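Quick note: the coordinates plus some simple rules give every number you see, no bench work behind them. Just so it is clear, the structure is predicted and the values come from calculations on it, not from any experiment. When we count neighbours, we look across all protein chains shown, and the Cβ atoms used for this are built from the backbone with ideal geometry, even at glycine.
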Amino acid sequence: MFANTDGSDMAAIVAAIRREIDATKLPQGYFTRLEGQFQAQEQASQLIAALSIISLLLIFVVLYSRYKSAVLALIIMGNVPLALIGSVIALWIAGQPFSVASAIGFITLAGIATRNGILKISHYINLVLFEGERFGRRMIIRGTLERLTPVLMTALAAGVALIPLMIGADEPGKELLNPVAITIFGGLVSATLLDAFLTPTLFLLFGRKPLERLQETEGELAHAEAF
């Protein structure tokens with residue numbers, strides 16, 4: 001039997017069908033199977049979920065290799081859930097269901113969101129290692145303010161570029177790009193605003209020991225080069 005959803009939420013309809021199937025006892029030798037667009041979408045969603053986990057693990061590995069600290073890597077990756085908050089709210093306001101396209105937007109956001117943390121954490125480290133600043137509230141306020149302009153500029157540029165894709169969702173050619181644009185735009189807004197407070201606060205609370213280890217490593221390298 002073939003059917004379509006007539007624009008309704010496909011996931012909700014399939015869930016209702018599965019509940020009815022589970023509640024119905026079929027004669028021996030009979031079975032049911034749901035195929036078509038939803039099956040392809042479900043398989044794609046499972047693949048994207050696996051790729052999301054892999055991408056997060058790779059981001060963590062790259063950050064750990066750069067900073068030699070799981071704490072600093074996790075502080076930077078704390079921007080990812082901040083971005084997801086804005087994405088979920090944006091999809092809800094736009095009346096868009098979760099789809100493969102929005103899932104792709106989530107993966108893209110993972111990389112974009114960590115960029116803000118990298119800009120701040122790297123600058124904090126440079127201020128202490130190379131500009132004579134001491135770890136503390138004053139250094140973090142200075143570093144945050146000095147990185148505020150580049151963070152806002154990159155977020156603004158990306159956000160403005162996404163606006164044409166968010167307008168006219170029913171226009172031909174925008175069916176796939178519209179959910180992606182909404183997901184990324186919402187994530188950019190929440191990550192940029194919330195990161196201005198979260199990353200500095202987390203670094204102030206948990207960044208002293210990793211920074212001291214980096215200072216020791218830098219001192220050992222300088223001593224070795226002197227000889």
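Quick look at the numbers
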{"read-out": "Packing-based order for 121-130, 142-151, 108-117, using average beta carbon neighbours within 10 Å, highest first", "value": "108-117, 121-130, 142-151"}
{"read-out": "Sorted peptide list for 73-83, 22-32, criterion being average Cβ within 10 angstrom, highest first", "value": "73-83, 22-32"}
{"read-out": "Whole-Hz couplings from phi, Karplus 6.51/-1.76/1.60, listed for segment 77-89; x for Gly and Pro", "value": "6, x, 6, 5, x, 5, 5, 5, 4, x, 5, 5, 5"}
{"read-out": "Zero-based 5 Å bins, Cα pair distances in segment 41-226, whole percents", "value": "1, 8, 15, 17, 17, 14, 10, 7, 5, 3, 2, 1, 0, 0"}
